Amino acid sequence: MSAPRSSGPFRAGDRVQLTGPKGRMNTITLEPGKLFHSHRGVLAHDDIIGLPDGSVVTNNAGVEHLALRPLLTDFVMSMPRGAAIVYPKDAAQILALADIFPGATVVEAGVGSGALSLWLLRAIGPEGRLHSFERREEFAEVARANAVTFLGSDPKNWTLTVGDLQDSLPAAVEPASVDRVVLDMLAPWETLDAVTAALKPGGVVICYVATVTQLSRVAEAIRASGDYTHPQSSETMVRGWHVEGLAVRPDHRMIAHTGFLITARRLAPGTLLPELKRRPSKSDYSDEDVEAWTPGALGERQSSPKSLRKRMREASASAELARTRGDGPGEGDFADTEWSEPAVAPDEGAPGVG
């Protein structure tokens, strides 16, 4: 697996993130002779090529821009999307809570636009193996194109299968051979039988779900299986702080709820988990109650066909340029698109959509 060039002077083919005086960010791919146009002037790519990372360049109108190589966080927040992405704050927690390690064999279901796939590939390293499953072919196409754009080539240790996890997983991996399973899908409880068969004893399953109904349903399914430790649930909220002199206060805007994470570990076959000693609960429930407490009626968030076709074209074009540039790993195309980090809309970043 290739990796993006992370240091050294800028050269042709490198992706560069330009930050203007008002914090506006633009990501370009350096090409000799090309110009970067904005409403505040023109900047020649040749003025950036050869400079060290972290330089300040001035355009023809005297406006200064900070030039940096984009981090993976920057890339996933601005790449073409077929489905909503797993936000970096949740990706970081997934890597930590699931204990993703170099050389691990990982199964991922619900690839979406490929954001979490990139984090997982980086964490497992070239010796690890990632098996990803996506039900929608158009989402899988966007995810693969985004991976090629960032990494510079198709990762050799990544298998992306279009199909349902419960149908495709038994043929893709040997029983009890998988270290970690990451589920980002609408109904992860439906896949538990296949996941249980694939996981090694002691292996971790982690589910990323959007709503409390999904959280409750998957937790009870894990408990009812008898094959796992008691599930642990959490959500992650990130609030930035404004720190300037004596003006120290929370930012007015924060990234709050995007999803819940629930984890459990695979027990050895035949092991009976000791029951937790708790006070009797007032919240008794039946199978009918659990069935009613389900997100099945929520459906999936759908992108319009026109919007999805546009995103597929953008992702495919970036991937094709990355494959054909031919001057080493880590050089890919990223469109000269002006962007700023979006605020979290009510349904933005919600898992279970691909």
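The values are calculated or read from the model by the stated rules, or taken from the named source; none is laboratory data. Since the model is a prediction, treat every value here as computed from it, not as a measurement. Cβ atoms come from the backbone with ideal geometry, glycine included; neighbour counts cover every protein chain shown. Accessible surface areas use protein heavy atoms only, side chains included; no ligands, DNA or RNA. Shrake-Rupley method; radii C 1.70, N 1.55, O 1.52, S 1.80 Å.
Once both labels are positioned 7 Å from their Cα atoms along Cα-to-Cβ, the gap between Ala268 and Ala256 label points is 4.6 nm. The 3J(HN,Hα) values that the Karplus relation (6.51, -1.76, 1.60; θ = phi - 60°) gives for region 181-191 are, in residue order, 10, 10, 10, 10, 7, 5, 9, x, 5, 6, 9 Hz. Gly and Pro appear as x. Scalar couplings 3J(HN,Hα) for region 210-224, obtained by applying the Karplus form with A = 6.51, B = -1.76, C = 1.60 to θ = phi - 60°, are 8, 10, 5, 5, 5, 4, 5, 5, 6, 5, 5, 5, 5, 5, 5 Hz; x denotes Gly and Pro. The simple spin-label model puts a point 7 Å past each Cα toward its Cβ; for Glu190 and Val63 those points are separated by 4.9 nm. Over region 132-177, the ratio between the Cα radius of gyration and 2.2 N^0.38 Å evaluates to 1.26.
Convex hull of alpha carbon positions in region 113-240: directionally averaged projected area 9.1 nm². Taking Cβ atoms as reference points and 13 Å as the exclusive limit, the residues near Leu116 contribute a net charge of 0, counting Lys and Arg as +1 and Asp and Glu as -1. The convex hull of the Cα atoms of region 57-116, projected and averaged over all directions, covers 6.2 nm². Overall shape of region 170-272 was characterised from the C-alpha gyration tensor. The equivalent ellipsoid obtained from it has semi-axes of 36, 14, 12 Å, in decreasing order.
Direction-averaged projected area, Cα convex hull, region 146-209: 5.2 nm², rounded to one decimal.
Amide H to amide H distances under 5 Å link Phe10 with Gly50, Leu51, Asp53, where only residues 5 or more positions off or on other chains count and H is placed in the peptide plane. Taking all protein chains together, Lys89, Lys156, Lys310, Lys22 sort by accessible area into Lys22, Lys156, Lys310, Lys89, largest first [probe 1.4 Å]. Look at where the Cα atoms of region 20-78 and of region 223-278 average out, and the two centres are 38 Å apart. When the alpha carbon gyration tensor of region 1-124 is reduced to an equivalent ellipsoid, the three semi-axes, largest first, read 33, 16, 12 Å.
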